[in-house]
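The values are calculated or read from the model by the stated rules, or taken from the named source; none is laboratory data. Small disclaimer: the values here were computed from a predicted structure and weren't measured. Cβ sites come from the backbone with ideal geometry, for glycine too, and all protein chains shown count toward neighbours. Note: accessible area is taken over every heavy atom of the protein model, side chains too, but ligands, DNA and RNA are not part of it. Shrake-Rupley method; radii C 1.70, N 1.55, O 1.52, S 1.80 Å.
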Amino acid sequence: MTKCSHRPNLHLSPSVGWLNDPNGLICHEGQWHAFYQHDPHQTGHGTMHWGHAVSDDLVHWQHQPVALYPDKLGACWSGSAIATPEGEVKLFYTAHRKAPDGRDDENQCLVNVDQTFTVFERDDGNPVLTNNGETVFRDPKVVWHAQSGRWIMVLTTGQAVSFYCSSDLHDWRFESSFGLGQGHHDEAPWECPDLVEIEIEDGGTAWVLIVGIAHGSYSGGSGTQYFIGDFDGHTFTNANPPETVFWMDFGRDFYAAQTFFNSGKRPVSVAWASNWRYALLTPTLDYRHAFSLPRSLSLRRTAHGLRLSQTVPDMVRTAFPVAERQPSGPAAGTYRLRFEEAETAGEWSLYLFGEDVPQLELRRQDGQPALHVHRDEKWASEIAPLFASTFSVCLPEEVFDLEIYVDRGLVELSACNGLVWITMQHFPENPEGEVRLVRRTVEVLAVAE
Ligand code: FRU
């Protein structure tokens, strides 16, 4: 196995070094700018910089010079981007350093960006929001709240998020916090929040609060949950009972999801396709990690209430060649498989990369379908036990469609028209190996090599 052969073709990965969270996502003057947590000097999580890439179509990314370097206030941890009504672009990030007593010292900083996105000037007033004693005080996501005509900064404060408001982007006033007794908690802090107003498919909008949880997610380790409700400029109100837990993705490799500023009421999001439980141990050589595919978010009314639906934008979807019944072969390990509702009936196993253990199996109990997700057992010792253990996801609909994006080992599965997602990294011997769908009756339906 050549260790670089897993680099995805149609996902953003750093040309060298380390990548984690998406930062400063913004659509500006028709271009998509993505910044990311980056260590250009090593493939581990060292002193964080912000990497930068730009794209016209969310598929082909041009790497740009490193945008933010650490300074005396600290390393550049996660944050966001905005454009003012006058077209000025600003970045917000957490300056992270260790205090003399060894504790984390985290403060929020502002960066002014020129129109070519090549000059990044730190604001003289930094830090614009100083830590008032919280042990975790990071990952500022700044959004425009039209109804109150103010900027809102949501950031993580332990196992909760806090909302601050400002009219000039410099003076920030605390409004409220949300999280205690709400959704899913573990011992790790909540991280990388996002707050966004999203269109309901049959009319209207609702506010969605997205938040990462570093350990203890649905399938283990890092995962991303969301809340649906209302934000009135001061407080977020959960529309569901506080114990309700919604996962954006049930897989092991979908963390710190963020939406692009200026991407509308069906905003485009991306996440880090990895997991803190083994992120430092995955076997790539010259770079580590990639973003997930972009997904456009909407809210769907289901029998159980509103749920987030995630759809890959057409320009990204069509960039993946379809490998269906009689394909000439997945292009260099990068392809898309689509199964219509009739094709997902019964019970079956899906084998990717020419491997002899299936990555996915569909089993039914009392008609209720459940997807069983596997990764090669050998990785339990070579990467980490969590990398290899199996988990299951029950689907909310008995009859469902399935779409699977495969990009040299990075596999993203969408079921029930985007209501259920499962993102998983694999490191196969042969990322270009064949695809086989085997029915429980051992009938071979799809072969692509
Ligand atoms: C989430 C996170 C953030 C932090 C960044 C540091 O993955 O821990 O909370 O800002 O990574 O790289």
TODO: Quick one: ALA95 ticks every box in (1) free of Cβ contacts under 8 Å to residues at least 60 places away in the same chain; (2) within 14 Å of VAL142 (Cα to Cα); (3) of a type in the set (A, V, I, L, M) except a single one, so which number is it?
DONE: (2)
Open item on the list: I'd like the full set of residues that are away from the ligand (no atom under 11 Å from the Cβ), within 18 Å of VAL128 (Cβ to Cβ) and open to solvent by 10 Å² or more (accessible area, probe 1.4 Å), limited to the stretch 84-105.
Closed with: THR84, GLU88, LYS90, ARG97, ASP105
Open item on the list: Based on this model, can you work out whether PHE163 counts as assigned by TED's automatic domain parsing to the domain that holds LEU19, closer than 30 Å to THR205 by Cα and not β-branched (Val, Ile, Thr)?
Closed with: yes
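Run down GLU340, GLU355 and say which single residue is open to solvent by less than 50 Å² (accessible area, probe 1.4 Å) and modelled with pLDDT under 95. Explain how you work it out, then say what you get.
Working: GLU340 fails: open to solvent by less than 50 Å² (accessible area, probe 1.4 Å).
The unique qualifying residue is GLU355.
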Open item on the list: Show me the strands (runs of 3 or more DSSP E) entirely contained within the stretch 1-76 in which 3 or more residues are in the same structural domain as THR224 (by TED's automatic domain parsing), touching a Lys or Arg at 6+ places or on another chain (Cβ under 8 Å) and within 15 Å of the ligand (Cβ to nearest atom).
Closed with: 17-28
Task: Given (1) of a type in the set (D, E, K, R); (2) within 30 Å of GLY87 (Cα to Cα); (3) open to solvent by 60 Å² or more (accessible area, probe 1.4 Å), number of the condition ASP57 does not satisfy - done: (3)
- [ ] Take TRP144 and decide whether it is touching a strand residue (DSSP E or B) at 6+ places or on another chain (Cβ under 9 Å), in a strand (DSSP E or B) and away from the ligand (no atom under 16 Å from the Cβ).
- [x] yes
Task: Condition check for LEU350: assigned to a strand (DSSP E or B), open to solvent by less than 10 Å² (accessible area, probe 1.4 Å) and more than 30 Å from LEU306 (Cα to Cα) - done: yes
Task: When residues of the stretch 189-219 are limited to those that are of a type in the set (Gly, Ala, Ser), more than 16 Å from the ligand (Cβ to nearest atom) and assigned to a loop (DSSP other than H, G, I, E, B), the one surrounded by the fewest Cβ atoms within 10 Å (Cβ to Cβ) - done: GLY203
Open item on the list: Here is a check on your reading of the model: is ARG122 open to solvent by 30 Å² or more (accessible area, probe 1.4 Å) and within 16 Å of the ligand (Cβ to nearest atom)?
Closed with: no
